[in-house]
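In what follows, a single structure is set out as structure tokens and then discussed.
The values are calculated or read from the model by the stated rules, or taken from the named source; none is laboratory data. These numbers were taken from a predicted model, which means no experiment stands behind them. Heads up, the Cβs are rebuilt from the backbone with ideal geometry, glycines too, and the neighbour counts pull from every protein chain shown. In case anyone asks, the SASA skips ligands and DNA or RNA and just uses the protein heavy atoms, side chains included. Shrake-Rupley method; radii C 1.70, N 1.55, O 1.52, S 1.80 Å.
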Amino acid sequence: MKGRVSVLPDDLSTRGRHNSPAALLTQLRHKQFSLRSLVVPAIGLAASVCVSLAVGYWNIQADDREFNAVANNHRQILSDGLRKYEDKIVALRALFDAAGHEIGRKEFEVFADELVADGGAIEALSWIPRVGRDDRAAFELGAVKGGLAGYHITSFALDGKPAPSEEREEYFPILYSVVPSGAIPIYGMDLGSEPMRHKTLDRARDTGSFFATPILELKTGAAGRHGFFIVLPVFRQGLPQEKVEDRQRNLMGFVQGVFQLAPLVESILHSAAAPERMDLYVFPGGANGDALPLHIHSSRLRTTPAEPRSLGALEAGTHWSGELAIAGVRLAMVAVPFSSRGAFMRNFGALAILAMGLVLTGLNQFYITRQRRAESALVESEGRLNAIFGAAADGIAIAEADTKRVRMVNASICRMLGYSREEMLELSVTDLHSKEDLPHVVEEFERNAAEETNLMIELPVRRKDGSIFFAQASTSPVMLGGKPCLMAIFRDVTDARAARENLNQAHQQL
């Protein structure tokens, strides 16, 4: 707008500057320009704020999605790890299923020692045979002869100490046991003498599969340890097991694993990527809001362990929860985010975008001015190029560097080749040469396009009617519509080439 005023004659641009219609119009345009110059920064500022808020919200959502994904991944890791411990019990039963003879104590201990080398998650692995009332005396005598001095079938007493078992129809005493902690195994303890364990044995026998006790506090060792017992029935080989009655009749005994919950969880997570930015809490399945965790796995970023919190307190804040299961034991896992990053670092992206938006808004006017000047120069340049194209006596053609499609031609090249302009724009460089010359022409074209320098080449060209003539082409790299192209100026040198060849022949004859 300022340029329009400056092109007026001096007498019109200076005379009556404050009261002439032209001066008033100029002032009005200046005011409009000033208003627009304020609108653009205002829009830029508003856009920057909106984008920064959107990015901040997106960051929060992205953090939530990442947290949920990582928490669920660790639940899956724990679930897979628990199934591997189930496999240890299956492997122990396979020892009895595969043997064609009675398993001895030494054979059992050697095999079980390989299964318990896992960092304390398994407190004991045991073999619990089924003993009938009439077989009790012979069974106890056989255990003593097998190396267990003073072996007797005992039961759980109220004071927690073993006591001689009262007479019953059948017993399920511990005969073999491997205790990796170094504690003395409780040989002879009848699991059928305690109601909860007896119910667990019955359920495992009737289903023919795993069954476990609820989470309980382990009596042996240090206080405050939680765990559970898993039993798996072993049936007599070659006898039916399809019906419940068959399994009850043909039961031979149980293999048992005693698990400590805390070492079990820690051993599984230790072998995987332990969570960094979250704490994991493990509760009994179906626990109420007042329940305290059975185990806490603290984030590795903590300097002190996470404090116990009730299930209700954890669920009142940001959290993720899922279920774990091992042999019918249901556990609830709750993940709570923990981060050492401050609020500034969490929102750094949004703040950076806001700052960048302000900078870009400040540069916007300068960029627009340069853009308009560049557009004007481009229009002027294209006008000059079109004028050169129209006035040139030599043939001029522009083709894309990658596709070799003809993009622009002048009238001279159309007359030279016998095509109309529309026909030329449907062709590519390969259409203008014979098959014999095409490999050489394509090689020269690609070399010229790659070197991006002005070159002069001489090559055969095919007209529309199929006739061939020789042209001298001067090539130059150009940009057309934002795409790299190659411009070639053609000059027919067929006559000059023939004269040169005649001269060469004359020289050779002389």
- Query: Out of region 153-163, which residues are closer than 17 Å to ILE128 by Cα, out of contact with any helix residue (DSSP H, G or I) (no Cβ under 6 Å at 6 or more places or on another chain) and modelled with pLDDT of 75 or more?
  - Reply: ILE153, THR154
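Yes or no: LYS435 without any contact (Cβ under 8 Å) to a residue 40 or more places away in the chain and open to solvent by 60 Å² or more (accessible area, probe 1.4 Å)? Explain how you work it out, then say what you get.
Working: without any contact (Cβ under 8 Å) to a residue 40 or more places away in the chain: yes; open to solvent by 60 Å² or more (accessible area, probe 1.4 Å): yes.
Taking the combined requirement at face value, the residue satisfies it.
Sort out which residues of region 59-93 are farther than 26 Å from GLU107 by Cβ, basic (Lys, Arg) and open to solvent by 60 Å² or more (accessible area, probe 1.4 Å), and write them in order of number.
Initial filter on region 59-93 (farther than 26 Å from GLU107 by Cβ): 59-83.
Imposing the further condition that a residue be basic (Lys, Arg) reduces the set to 65, 75, 83.
Matches in region 59-93: ARG65, ARG83.
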- Task: List every residue pair whose Cβ atoms lie under 7 Å apart, where the two residues are 6 or more positions apart in sequence or sit on different chains, the first residue falls within region 466-482 and is free of Cβ contacts under 8 Å to residues at least 12 places away in the same chain and surrounded by 15 or more Cβ atoms within 10 Å (Cβ to Cβ), and the second residue, located anywhere, is part of a strand (DSSP E or B) and not β-branched (Val, Ile, Thr).
- Result: none
- Query: If we keep just the residues of region 320-340 that are within 22 Å of the chain's Cα centre (by Cα) and modelled with pLDDT under 90, which is farthest from GLN260 (Cα to Cα)?
  - Reply: SER339
- Task: Please enumerate the residues belonging to region 204-232 that are outside any helix (DSSP H, G or I), farther than 23 Å from PRO293 by Cα and touching a Phe, Trp or Tyr at 6+ places or on another chain (Cβ under 6 Å).
- Result: VAL231, LEU232
- Task: Keeping to region 108-119, report how many residues are touching a residue at least 12 places away in the same chain (Cβ under 8 Å) and either open to solvent by 30 Å² or more (accessible area, probe 1.4 Å) or touching a Ser or Thr at 6+ places or on another chain (Cβ under 6 Å) (or both).
- Result: 6
- Item | Top-ranked residue of region 403-429 - restricted to ones that are over 16 Å from ASP465 (Cα atoms) and among the hydroxyl-bearing types (Ser, Thr, Tyr), ranked as nearest to the chain's Cα centre (by Cα) | THR403
- Message: For the structure I just gave you, tell me whether ASP113 is acidic (Asp, Glu), within 35 Å of the chain's Cα centre (by Cα) and over 22 Å from MET252 (Cβ atoms).
- Response: no
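Would a scan of region 127-146 turn up a residue that is closer than 17 Å to ILE326 by Cα and buried (at least 20 other Cβ atoms within 10 Å of the Cβ)?
Taking region 127-146 as the starting set, the residues that turn out to be closer than 17 Å to ILE326 by Cα are none.
Taking every residue of region 127-146 in turn, none turns out to be closer than 17 Å to ILE326 by Cα and buried (at least 20 other Cβ atoms within 10 Å of the Cβ).
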- Query: Can you name every residue in region 488-506 that is open to solvent by less than 40 Å² (accessible area, probe 1.4 Å) and either in a strand (DSSP E or B) or on the phi > 0 side of the Ramachandran plot (or both)?
  - Reply: ALA488, PHE490
- Residue in region 456-471 that is of a type in the set (Ser, Thr, Tyr) and modelled with pLDDT of 80 or more present: yes
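Residues of region 80-103 being among the small types (Gly, Ala, Ser) and at pLDDT 90 or above, which ones? Talk me through it step by step, then tell me what you get.
First, the residues of region 80-103 that are among the small types (Gly, Ala, Ser): 81, 91, 94, 98-100.
Scanning region 80-103 gives ALA91, ALA94.
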